[in-house]
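First up is the structure itself, then whatever we jot down about it.
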Amino acid sequence: MAEFETGSFATAIAARDTMFPDGRYVSLRTRSLPRRTPEVVDALVQGAKTMTSPLSAFSVHHFHGAATRVPWEETAFALRKPPMMAEVIAVWTPETAGGRHAAWADAASAALEPHAFAGGYANLLGPDATDQIPHAFGGNTRPAARGEGHRRPGRRVPGDSPADVGTPRA
């Protein structure tokens, strides 16, 4: 099933809360997409067709507003362009084998990768996303790793650069 609709943020959050009651397992992937293209739509449709759990879902929404107007050097996260954030959400119950559901999330994320910016939404990247994490934070990973916390405007660390953050792969 695929459903696309507009609605309030509060309604979307309330609906999401019902997806994750106690006792369910979740494996999440994220991709930042520059725009909706036929290839992105095809990848989402194919992912929906191969979904391994009726509890799983895709969530695609815009990253926009004030967060896109702040230079990357002044934030913890590097991507400042207004992309669409795609979440690949595998959800299952303890009675089912989790490996196949996580594998579905991996495959769906991989299908979106060629059409995505490097990185992903930093708050949703798990420790295994080693290919995405450096791009999500840009040059800001080094101060965080040293425990320096939030970046201050105008403060640069040798080696800082936005790398290829904000540049689509395709």
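Please treat every number below as a calculation from the coordinates, not as lab data. Since this is a predicted model, take the numbers as computed values, not measurements. We place every Cβ from the backbone using ideal geometry, glycine too, and count neighbours over all the protein chains shown.
What to note about this one:
- Cα gyration tensor, the stretch 82-125 - rounded (a/c under 1.5), prolate or oblate: prolate
- Extension gain from THR37 to SER59, taking 0.36 nm per residue of separation minus the Cα-Cα distance: 6.3 nm
- Packing, as the average of other Cβ atoms within 10 Å across residues, places the peptides 128-134, 111-117, 94-100 in the order 111-117, 128-134, 94-100, highest first.
- Length added when fully stretched, ALA110-ALA12, from 0.36 nm per residue minus Cα-Cα: 32.7 nm
- In this rough spin-label picture, where each label sits 7 Å from Cα along the Cβ direction, the THR130-GLN46 distance is 2.7 nm.
- Alpha carbon centroid spacing (whole Å) that separates the stretch 15-35 from the stretch 103-137: 14
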